[in-house]
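Notes for the one structure printed next.
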Amino acid sequence: MREVVIKTINLTKVFGRLVAVDHINFEVYDGEIFGFLGPNGAGKTTTIKMLTTVLRPTEGTAIVNGYDIIKDPAHVRQSIGVVPQEYTADEDLTGWDNMMMMAGLYGIPKDVAKERAKELLEMVELTHAANRKVSTYSGGMRRRLEIAMSLISRPKILFLDEPTLGLDAQTRAAIWNYIKKLKEEYGMTIFVTTHYLEEADMYADRIAIIDRGKILAIGSPKELKDRIGGDIISLKTTNDDEAIKIISNVTDGILDVKKVEDEIRIKVKNGEEKAPAILEALLKNGIRVTRMSITEPTMDEVYMEITGRRMRDEEGSREEVFAFRRTLRRARS
Amino acid sequence: MQGERRNLSLYHGLWTLTSRELKKWYKSPVILLLSIVQPIFWIALFGKAMNLGGLFTGTSLNIPGLTIPKQIIDEIGTEILKQTFGTTDYFSFLAAGMLSFIVLFTSMQSGMSIVWDRRLGVLDRLLTTPVPRGNILIAKIFNSVIRSLVQASIVLTVAVLLGMSFAPKINAIDFLGAYAALFLMSFGLSSLFLMLALRATDWQSQMAIMNLLNLPLLFTSNAFYPIKEMPNWLRPIAYINPLTYSNGAVRGLLLGISTNLTIDFLYLGLFALILSSIGIILSWRYLSM
């Protein structure tokens with residue numbers, strides 16, 4: 001049995017009438033990358049803020065590194081590192097100054113701190129920029145500095161809130177490589193939120209899918225995909241309602257048929273073999289298929305299966321986040 | 001990870017956070033220069049232009065049919081000045097008041113830094129570290145106090161260069177005392193303005209609060225004129241205003257103008273103690289998201 005390092009017990013946060021996090025229960029094991037996946041506003045950041053003792057739960061509690069977040073927040077803070085969603089480094093100071101400031105806040109003696117800061121800046125490839133003001137850094141550099149800053153205390157658990165938000169694909173991959181390195185080289189437990197499905201799929205050991213404050217599923221990416229139990233055939237037809245009736249009655253070996261948004265999703269074993277039979281049955285009843293695809297389950301499918309909608313529904317609010325960021329950047333300069 | 005030596009005392013992080021803000025100050029030459037130039041302008045332009053001393057002495061009156069010797073006019077003027085301000089040297093009187101004034105203006109800025117820290121996410125980061133919540137506030141108070149005292153020293157230097165004269169028997173302890181009075185007032189005022197900013201997220205309302213309070217605080221004190229010259233309704237307000245007491249202490253110690261130093265320091269001490277205590281208690285409660 002693996003050691004549990006985070007355990008939430010009916011963790012709940014209510015803002016006025018909005019139940020942001022609704023009695024969630026989960027466990028995170030020692031040394032794993034735990035992905036917290038969900039759209040914006042699902043309760044990811046609220047959960048991370050409660051676990052990192054910045055926000056007080058309305059109800060329930062959590063045990064982090066053996067300490068209760070409500071009764072013993074000081075010990076929790078000493079044993080964790082946090083990379084918040086916003087850039088939090090002091091822009092008017094250099095990268096080096098920021099590292100040393102963090103060390104001071106954790107009470108790390110100067111000689112130890114200097115050595116460690118050097119090593120960490122090396123790891124995130126910022127040694128060349130250490131003596132430059134943070135305001136001159138690019139987005140990727142800033143994110144790397146944020147990660148280095150939160151590692152100065154050698155935390156047992158590292159919390160990252162959307163570490164790749166707003167970064168280009170190449171930088172995103174680089175950030176994830178650092179995260180993997182932390183897990184492999186230091187045995188650190190990583191709790192990371194994201195709304196990029198592919199990232200969770202590729203890098204997380206286990207994933208929790210959260211939506212509207214509730215956890216809908218937990219498991220390894222493979223377990224979650226296996227839940228779907230087969231391939232997905234997506235159809236667009238001239239008469240969807242009739243087609244659904246025909247497919248669920250006529251053909252055998254079909255696990256599930258339902259309409260999601262503007263297409264029919266059919267869950268089957270061996271999609272390649274079943275597809276022709278389905279087409280034939282529909283044609284016989286005078287329904288024409290206008291579009292068809294067969295996919296092996298991806299996290300995208302899993303997400304849709306579990307939440308009943310696509311992740312890209314949230315594109316709009318992601319735009320808002322960027323707009324907010326831009327405003328903030330302008331305000332800073 | 002375990003057993004690592006760490007200095008997690010009650011005060012840890014205090015100096016780290018104070019030096020962080022001081023660094024921002026002395027490492028950006030423009031801000032430093034501006035903050036030095038501003039008090040110089042005040043003392044040089046305002047202090048020298050508002051020369052009440054010159055108004056009462058050295059003028060000659062030409063009233064028809066009446067010949068008053070110049071010596072008598074000067075003596076009367078001097079006596080009026082002495083009665084009103086406790087000294088014949090109005091520039092020195094004003095310069096001593098300027099010290100409190102610059103401390104007030106600098107301390108007021110303290111609230112802004114917490115608003116910016118919140119907006120730029122720095123506060124988010126600080127709150128996840130094991131630094132005691134109260135220390136975040138105390139560090140900001142310290143930073144503000146240090147800046148204020150540096151500014152006051154500049155004003156004092158410039159005032160001396162422009163002709164401010166001290167009491168004849170002045171000694172080092174008098175100077176220390178004057179700085180102690182300014183320290184206490186700055187401590188209290190910084191706490192007050194930080195407290196008002198604890199929950200604020202936008203800097204505009206913070207600016208509005210500052211503008212609402214700065215001139216009234218200045219003009220309801222004895223910075224420009226003594227309390228006994230004030231209308232009756234204004235006097236009680238002047239007696240609540242901490243500036244009145246720091247002016248009293250500084251003038252008493254540096255210029256030898258009679259004042260009750262015990263009351264001055266008692267008031268300033270209580271002012272600093274009470275406001276900083278409230279600030280720290282509020283920071284435990286409100287320094288969160």
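If I ask for residues that are farther than 25 Å from B:Ile31 by Cβ, within 12 Å of chain B (Cβ to nearest Cβ) and either in a loop (DSSP other than H, G, I, E, B) or in contact with a helix residue (DSSP H, G or I) (Cβ under 9 Å, 6 or more places away or on another chain) (or both), which ones from the stretch A:92-150 would you list? Matches in the stretch A:92-150: A:Ala103, A:Tyr106, A:Gly107, A:Ile108, A:Pro109, A:Lys110, A:Val112, A:Ala113, A:Arg116, A:Glu146, A:Ser150.
Residues in the stretch B:114-162 that are touching a helix residue (DSSP H, G or I) at 6+ places or on another chain (Cβ under 6 Å) and of a type in the set (Gly, Ala, Ser): B:Gly134, B:Ala139, B:Ser144, B:Ser148, B:Ala152, B:Ala159. Only residues that are assigned to a loop (DSSP other than H, G, I, E, B), more than 28 Å from A:Phe36 (Cβ to Cβ) and either free of Cβ contacts under 8 Å to residues at least 12 places away in the same chain or not small (Gly, Ala, Ser) (or both) were counted in the stretch A:248-307, giving 9. Per the conditions (1) buried (at least 22 other Cβ atoms within 10 Å of the Cβ); (2) touching a Phe, Trp or Tyr at 6+ places or on another chain (Cβ under 6 Å), the sole criterion not satisfied by A:Leu151 is (2). Cβ-Cβ contacts under 7 Å between residues 6 or more apart (or on different chains), taken from a first residue in the stretch A:35-55 that is assigned to a helix (DSSP H, G or I) to a second residue that is polar (S, T, N, Q) and surrounded by fewer than 24 Cβ atoms within 10 Å (Cβ to Cβ), are listed as A:Thr45/A:Gln85. Taking A:Val82, is it within 12 Å of chain B (Cβ to nearest Cβ), part of a strand (DSSP E or B) and not charged (D, E, K, R)? Yes: the conditions hold for A:Val82.
Residue by residue, here is whether (1) modelled with pLDDT of 90 or more; (2) within 21 Å of A:Ser220 (Cβ to Cβ); (3) in contact with a Lys or Arg (Cβ under 9 Å, 6 or more places away or on another chain) holds:
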| position | (1), (2), (3) |
| --- | --- |
| A:Thr136 | yes, no, no |
| A:Ile147 | yes, no, no |
| A:Pro155 | yes, no, no |
| A:Leu160 | yes, yes, no |
| A:Thr171 | no, no, yes |
| A:Leu182 | no, yes, no |
| A:Ile190 | yes, yes, yes |
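Of the residues making up the stretch A:1-34, those that are surrounded by fewer than 16 Cβ atoms within 10 Å (Cβ to Cβ) and in a loop (DSSP other than H, G, I, E, B) are A:Met1, A:Arg2, A:Glu3, A:Gly16, A:Arg17, A:Asn25, A:Asp30. When A:Ala208 is tested against (1) crowded, with 22+ Cβ neighbours inside 10 Å; (2) over 15 Å from the mean Cα position of the chain (by Cα); (3) of a type in the set (A, V, I, L, M, F, W, C), exactly one condition is not met: (2).
When A:Thr237, A:Thr295 are checked against the criterion of being exposed (fewer than 14 other Cβ atoms within 10 Å of the Cβ), of a type in the set (S, T, N, Q) and modelled with pLDDT of 80 or more, A:Thr295 stands alone in meeting it.
Quick check on A:Leu158: is it under 26 Å from the mean Cα position of the chain (by Cα) and either part of a helix (DSSP H, G or I) or aromatic (Phe, Trp, Tyr) (or both)? So A:Leu158 does not fit the description; no. Going by the conditions given, is A:Leu216 within 22 Å of A:Leu37 (Cβ to Cβ) and surrounded by fewer than 19 Cβ atoms within 10 Å (Cβ to Cβ)? In short, yes. Residue count for the stretch B:12-28 satisfying the condition of being at pLDDT below 85, at the interface with another protein chain (Cβ under 7 Å from one of its Cβ atoms) and assigned to a helix (DSSP H, G or I): 1. Restricting the stretch A:63-79 to residues that are part of a strand (DSSP E or B) and aliphatic (A, V, I, L, M), the residue that is farthest from the other protein chains (Cβ to nearest Cβ) is A:Ile63. Scanning the stretch B:151-161 for residues that are in contact (Cβ under 8 Å) with a residue 24 or more places away in the chain and within 14 Å of chain A (Cβ to nearest Cβ) turns up nothing.
Residues that are within 14 Å of chain B (Cβ to nearest Cβ), more than 30 Å from A:Asp300 (Cα to Cα) and among the basic types (Lys, Arg) occur in the stretch A:40-62; there is at least one. Please go through the stretch A:193-202 and give me each residue that is touching a Ser or Thr at 6+ places or on another chain (Cβ under 9 Å) and either assigned to a helix (DSSP H, G or I) or touching a residue at least 40 places away in the same chain (Cβ under 8 Å) (or both), ordered by number. If the condition is that a residue be touching a Ser or Thr at 6+ places or on another chain (Cβ under 9 Å) and either assigned to a helix (DSSP H, G or I) or touching a residue at least 40 places away in the same chain (Cβ under 8 Å) (or both), then A:Thr193, A:Thr194, A:Leu197, A:Glu198, A:Glu199, A:Ala200, A:Asp201 are the ones that fit.
Okay, residues lined up against (1) assigned to a helix (DSSP H, G or I); (2) touching a helix residue (DSSP H, G or I) at 6+ places or on another chain (Cβ under 7 Å); (3) over 17 Å from B:Ala181 (Cβ atoms):
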residue	(1), (2), (3)
B:Asn232	no, no, yes
B:Leu254	yes, yes, no
B:Leu268	yes, yes, no
B:Ile274	yes, no, no
B:Leu282	yes, yes, yes
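Evaluate the stretch A:289-304: report whether one residue or more is in contact with a Gly (Cβ under 7 Å, 6 or more places away or on another chain) and within 28 Å of A:Asp201 (Cα to Cα).
Kept after step one, since they are in contact with a Gly (Cβ under 7 Å, 6 or more places away or on another chain), are these residues of the stretch A:289-304: A:294.
Applying the additional criterion that residues be within 28 Å of A:Asp201 (Cα to Cα) yields A:294.
Yes.
Please determine, by comparing only the residues of the stretch A:161-174 that are touching a helix residue (DSSP H, G or I) at 6+ places or on another chain (Cβ under 7 Å) and buried (at least 21 other Cβ atoms within 10 Å of the Cβ), which one is nearest to A:Val54 (Cα to Cα). Checking each candidate, the answer is A:Asp161.
Taking every residue in the stretch A:79-98 that is under 28 Å from A:Gly41 (Cα atoms) and touching a residue at least 40 places away in the same chain (Cβ under 8 Å) and pairing it with any residue that is part of a strand (DSSP E or B) and not hydrophobic (A, V, I, L, M, F, W, C), at least 6 positions away or on another chain, the pairs with Cβ-Cβ distances below 6 Å are A:Pro84/A:Asp161; A:Gln85/A:Asp161.
Considering only residues in the stretch B:105-131 that are surrounded by 22 or more Cβ atoms within 10 Å (Cβ to Cβ) and more than 14 Å from chain A (Cβ to nearest Cβ), the one that is farthest from B:Ile280 (Cα to Cα) turns out to be B:Thr106. For the stretch B:74-97, state whether one or more residues are modelled with pLDDT of 85 or more, under 15 Å from B:Leu287 (Cα atoms) and away from chain A (no Cβ under 14 Å). Looking through the stretch B:74-97, none of the residues is modelled with pLDDT of 85 or more, under 15 Å from B:Leu287 (Cα atoms) and away from chain A (no Cβ under 14 Å).
The values are calculated or read from the model by the stated rules, or taken from the named source; none is laboratory data. This structure is a prediction, so every number in the text was calculated from the model and none was measured. Virtual Cβ from ideal backbone geometry, glycine too; neighbours counted across all protein chains shown.
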